[in-house]
Amino acid sequence: MISKVKILLLLLFISFNSCKSGYQFTADKKPQYKITSNDTLPPEASVIAFLQPYKLKLDSSMNIRLASSDMEMEKGQPESLLGNFVSDLCMNQVKPFAIENNLNIDFCFFNNGGLRNSLPKGDITMRNIFELMPFDNELVILIIDGKTTEKLIKTIIEKGGVPVSGIRIILNKDEKPQATVQDKPFDTTRDYVILTSDYLAGGGDQYDFLKNRKEYLQTGLLMRDAIINHCRKAGKISSQLDNRIRHD
C-alpha cells in the first residue's frame, strides 16, 4: 500500500510541473492613437458664423463701464484693499434686507480664494467684475452662538486673515481671541448675526462648524451683483487699509 506521504509528494510534483508549463508572457499589443492639437484643425466656418452675433453681444455687455477706481486693488493677508472693498460694500448692500427682517448684522467674512482676480486702476468694466467673482455665490445671513463665533474668529486667525468688515481681530495664539465687533469687545455669551457666502455657510474652506447655526437666511443677492450694484451707484471706487486684522 502506498503511504500517505508518498501520495502527497506525488500530488505536489504534479502540481508544480503543471504550474510551471501552463502560462507564458506575451507582448500586449494595443492600438495606438495619435492626439492632434485642436490648433491644427481647420475652423468650421458655419459654426463661427452662427456664434459670431452672440460673441459680439457678449463682448458688448462685458465691456460696459461701471465705475473708475483710484487704485489697483489686490487680495492679500492679513487684510487687503480688495478684501476690505468687497466686505464693506457687501455689508452695505445687504443692510436694507437686514432691516426688513429686523436684524442688525454684526460683521461679515469671506475667503480670499473666492476673489479670483484683482481690480485695475482706472475704468472698471462688467468683465472685471465677472473675472473677480465668476461664481454665483449668494450672500446669506447666519445667526450663531458665541462659542461658534469664537471658533470662527480662531479659524480666521489660523488662516492668517480673511476679508472681513465690522470686526477687528489681532492675530495671536491666545486661548481667547482678541477681537472687537462693532467696536465692542467680543462676548462668548451672546449670539452674533453674520453675513457670508452660501459656499462658506455650507462648510466650504474648512468652515464646516458653521452648520451649527440657529438661523440661516437667504438674501437672494449674489456677491457679484452686490459688487456691480455698488460700482454703478458709486461711479468712483476706492479702498484703504485700516488694521482691521493685524499682528500683535
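Bear in mind that the values in this text are calculations on the coordinates, not laboratory data. If you're wondering where the values come from, they're calculated on a predicted model, not measured in any experiment. All Cβ positions, even for glycine, are placed from backbone atoms using ideal geometry, and neighbour counts span all protein chains on display.
Miscellaneous remarks
- Length released on extending from D123 to D242, taking residue separation times 0.36 nm less the Cα-Cα span: 40.4 nm
- Put in line by how crowded their Cβ is, counting other Cβ atoms within 10 Å and starting with the fewest, M71, M126 read M71, M126.
- Computed about its Cα centre, the charge dipole of region 61-247 is approximately 180 debye, with only Lys, Arg, Asp and Glu carrying charge at their Cβ.
- A straight Cα-to-Cα reach below 15 Å connects K154 with the aspartates and glutamates D145, D174, E175, D187, D205, D208, D248, residues fewer than 8 places away in its own chain not being considered.
- If R0 is 35 Å, the Cβ-Cβ spacing of E44 and Q218 corresponds to a FRET efficiency of close to 0.25.
- Too-long pairs where the Cα-Cα distance tops 32 Å, listed order kept, from K173/K236; K121/K173; K75/K147; K121/K147; K121/K211; K176/K214: K173/K236; K121/K173; K121/K147; K121/K211
- Gyration tensor verdict on region 61-247 (Cα atoms; rounded if a/c is under 1.5, prolate if a/b is larger than b/c, oblate otherwise): prolate
- Placing unit charges on each Cβ (+1 for Lys and Arg, -1 for Asp and Glu) gives region 61-247 a dipole about its Cα centre, and among I228, S197, L152 the Cα reaching farthest toward its positive end belongs to I228.
- Gain in span if fully extended, D183 to D205, counting 0.36 nm per residue against the direct Cα distance: 5.2 nm
- Fraction of antiparallel bridges per DSSP, region 61-247 only, in percent to nearest 5: 75
- Region 61-247: relative contact order as a whole-number percent, Cα under 8 Å and 6+ apart: 35
- Positive dipole terminus of region 92-183, leading residue within L139, F110, I99 (C-beta point charges): F110
- Simple spin-label estimate for E74 and E131 in nanometres, 7 Å along Cα-Cβ: 1.4
- Computed lengthening from K159 to K147, 0.36 nm per intervening residue step minus Cα-Cα distance: 2.5 nm
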